[in-house]
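Working notes for the structure below.
The values are calculated or read from the model by the stated rules, or taken from the named source; none is laboratory data. Bear in mind that the values here come from a model prediction, so they are computed numbers and not experimental data. Glycine gets a Cβ as well: all are built from the backbone with ideal geometry, and neighbour counts include every protein chain shown. All accessible areas refer to the heavy atoms of the entire protein, side chains included, with ligands and DNA or RNA removed. Shrake-Rupley method; radii C 1.70, N 1.55, O 1.52, S 1.80 Å.
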Amino acid sequence: MFFVGFGTGPASGLLSTLLLTGVIVLGVGMTFAVSRLLSGTILKGVPSSFTLELPPYRRPQVGKVIVRSIFDRTLFVLGRAAAVAAPAGLLIWLLANITVGDASLLAHCTGFLDPFARLFGLDGVILMAFILGFPANEIVIPIIIMSYMATGSLVEMDNLGALKELLTNNGWTWLTAVCTMLFSLMHWPCSTTCLTIRKETGSLKWTAASVLLPTAAGLLLCGAVAGTARLFGLA
């Protein structure tokens, strides 16, 4: 919406492809950079090995494959997601529908976060949406729309033109869009991922590290981009 517009021609498609490819390459590059940093600091001298043992081949049994996929994977992931999503949905509803003074609790929270968020090219609504979107990143944009429109429930907009108008009317610029993209790329993992990390590592320390490291990297990058744009008068 902010860089490609709403065109459907070859030039628009090429620009969209380049933009998405750039984001992916940036994510891969940051992964290598952080890995190198950790290997030279807190993980320095810690041996690492990777052993892969191929199991003996057996003819697959369709029934066992289906049962194992359902119980060991699908239901397991859905159970974890529901355990976090249900309380989070209640929290979002309460924040949006309980008013203190002349504003909802959600509005008070976004107002409190706004000065801090603007240091990184965001605003209080965007940062609060990412926080409340911890159960599932897919609800971040609906929370942003709900907050801007001051509705009491999550809202989705199918019309991209109307969505862009809503965002620009609430102060979004190209810099806001860039910083939101960067923070989407690098921020804390969703709740299901964190629970999986906790189970696999058996360590709260590494689970916390998996949350803090990408969040710190995302904030630093957003702050650098926002500061540079403001320094040169581009925003």
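Enumerate the helices (runs of 4 or more DSSP H) found wholly within segment 126-209, keeping only those where 1 or more residues are modelled with pLDDT of 85 or more, open to solvent by 40 Å² or more (accessible area, probe 1.4 Å) and hydroxyl-bearing (Ser, Thr, Tyr).
Filter on segment 126-209 gives 160-169, 174-185, 191-201.
Restricting attention to segment 104-118, the residues being of a type in the set (Phe, Trp, Tyr) and surrounded by 15 or more Cβ atoms within 10 Å (Cβ to Cβ) number 0. Say whether the condition of being of a type outside the set (A, V, I, L, M, F, W, C) and crowded, with 16+ Cβ neighbours inside 10 Å is met by at least one residue in segment 93-100. So far as segment 93-100 goes, no, none of its residues is of a type outside the set (A, V, I, L, M, F, W, C) and crowded, with 16+ Cβ neighbours inside 10 Å. In segment 37-80, the residue that is surrounded by the most Cβ atoms within 10 Å (Cβ to Cβ) out of those that are closer than 22 Å to Lys205 by Cβ and among the polar types (S, T, N, Q) is Ser39.
Each residue in segment 54-78 was checked for being more than 30 Å from Ser191 (Cα to Cα) and among the aliphatic types (A, V, I, L, M), and 2 pass.
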